[in-house]
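Report on the following structure.
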Amino acid sequence: MVKGLYTAYTGMRNEQRRMDILTNNLANSDTTGFKKEGVTSQSFDSLLAYRIKDSTTPGPDAHRLGNMNMGVKIGEVYTDYTQGPMKVTDNTFDVALAGEGFFTIDFTNKAGESFTLYTRDGNFNMTKEGYLVTQDGDFVVGTNGQHIRLSTTAGETKIDRGGRIYQDGTLRAQMQITDFENYDYLEKFGENLYRPLDGATQREASAQTYQGYLEAANVQTVYEMVQMIATTRAYETNQKVIQAHNDTLQIAANQIGKL
């Protein structure tokens, strides 16, 4: 009976985690270049083969098939890297990527430390010194590994499909578009930046650049709302299971126990 309470509890924790992921997706539905997340649940049979003799207790999480536990085990959070829809802005320094790849950014944290990050957010600006930067002021990196610097007096700026930037017909710089063999080695950094982990291998990017466009988040608001409703119902079902077990335990303790 108590085991049933614990199983329902792990189900509630699993649905709560799903709800956290869904609400984060909805909160970032207007974030340029955002990639939605999801979470998996690990089944009994997928864990049985290598955890059958495990008797450890991992804190508040569901026990991974030790001696007595059959509760839900929360799996991994994953990122969906599918292409988001394009939206027209007609702004000179708005650039969208179509295909696989990321803009290369020289990111500086509050401590003044700089390191390379990657993003699909091409909402760029040009500073008064001519540097191409993100909305947060981080420098966009070119194919030469340097910060992209443009002329502030040029009359016309054009960006072709290969990320080459022309001003008044003269090639000034080319954006460094980077791709990776396996996106499992990328870690989210903030809303729409990505940091490579140990083992990440770069490859030639197939993405093309589109000037005057931005890639919107790949979040379908209606779908996420439907999933939130389903998650809420599953959470409430687990609550009812706990209440039913509690009522049964009260009868066993207060009525049957007196016989």
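The values are calculated or read from the model by the stated rules, or taken from the named source; none is laboratory data. The structure displayed is predicted, hence computed values, not measured ones. No Cβ is skipped: glycine too gets one built from the backbone with ideal geometry, and neighbour counts run over all protein chains shown.
Conditions (1) among the charged types (D, E, K, R); (2) assigned to a loop (DSSP other than H, G, I, E, B), marked per residue:
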| site | (1), (2) |
| --- | --- |
| 81 | no, yes |
| 90 | yes, yes |
| 95 | no, no |
| 105 | no, no |
| 112 | no, yes |
| 132 | no, no |
| 141 | no, no |
Note on segment 129-186: residues in contact (Cβ under 8 Å) with a residue 12 or more places away in the chain and of a type in the set (Phe, Trp, Tyr) are 131, 139, 180, 183, 185
Being assigned by TED's automatic domain parsing to the domain that holds residue 91, closer than 20 Å to residue 82 by Cα and touching a Phe, Trp or Tyr at 6+ places or on another chain (Cβ under 7 Å) is the requirement here; does residue 149 meet it? no
Name every residue in segment 116-147 that is closer than 19 Å to residue 179 by Cβ and not polar (S, T, N, Q), in order of residue number. 117, 118, 120, 121, 122, 140, 141, 142, 145
Residue 224 fails exactly one of (1) within 22 Å of the chain's Cα centre (by Cα); (2) acidic (Asp, Glu); (3) assigned by TED's automatic domain parsing to the domain that holds residue 145, namely (3)
Members of segment 202-255 found to be touching a Lys or Arg at 6+ places or on another chain (Cβ under 9 Å) and either at positive phi or among the charged types (D, E, K, R) (or both), listed by number: 215, 224
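Using the structure shown, decide if residue 183 is assigned by TED's automatic domain parsing to the domain that holds residue 92, closer than 30 Å to residue 16 by Cβ and of a type outside the set (Val, Ile, Thr). Break it down into steps so the answer makes sense when it comes.
On the way: assigned by TED's automatic domain parsing to the domain that holds residue 92: yes; closer than 30 Å to residue 16 by Cβ: yes; of a type outside the set (Val, Ile, Thr): yes.
It is true that residue 183 is assigned by TED's automatic domain parsing to the domain that holds residue 92, closer than 30 Å to residue 16 by Cβ and of a type outside the set (Val, Ile, Thr).
Just checking, which of 250, 176 is among the polar types (S, T, N, Q) and surrounded by 12 or more Cβ atoms within 10 Å (Cβ to Cβ)?
On the way: 250 fails: surrounded by 12 or more Cβ atoms within 10 Å (Cβ to Cβ).
Answer to the check: 176.
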Evaluate segment 202-218: report whether one residue or more is over 14 Å from residue 103 (Cβ atoms), free of Cβ contacts under 8 Å to residues at least 24 places away in the same chain and either outside the structural domain of residue 39 (by TED's automatic domain parsing) or touching a Gly at 6+ places or on another chain (Cβ under 6 Å) (or both). no
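A quick yes/no check of all residues on (1) among the charged types (D, E, K, R); (2) buried (at least 19 other Cβ atoms within 10 Å of the Cβ); (3) closer than 22 Å to residue 35 by Cβ:
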site: 127; (1), (2), (3): no, no, no
site: 130; (1), (2), (3): no, no, no
site: 137; (1), (2), (3): no, no, no
site: 140; (1), (2), (3): no, yes, yes
site: 147; (1), (2), (3): no, no, no
site: 153; (1), (2), (3): no, no, no
site: 159; (1), (2), (3): no, yes, no
site: 164; (1), (2), (3): yes, no, no
site: 167; (1), (2), (3): no, no, no
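Restricting to strands (runs of 3 or more DSSP E) lying wholly in segment 153-259: which have 1 or more residues that are of a type in the set (A, V, I, L, M)?
157-159, 164-167, 170-174, 177-180, 186-189, 193-196, 213-215
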Please tell me if residue 213 is more than 20 Å from the chain's Cα centre (by Cα), crowded, with 17+ Cβ neighbours inside 10 Å and more than 19 Å from residue 95 (Cβ to Cβ). no
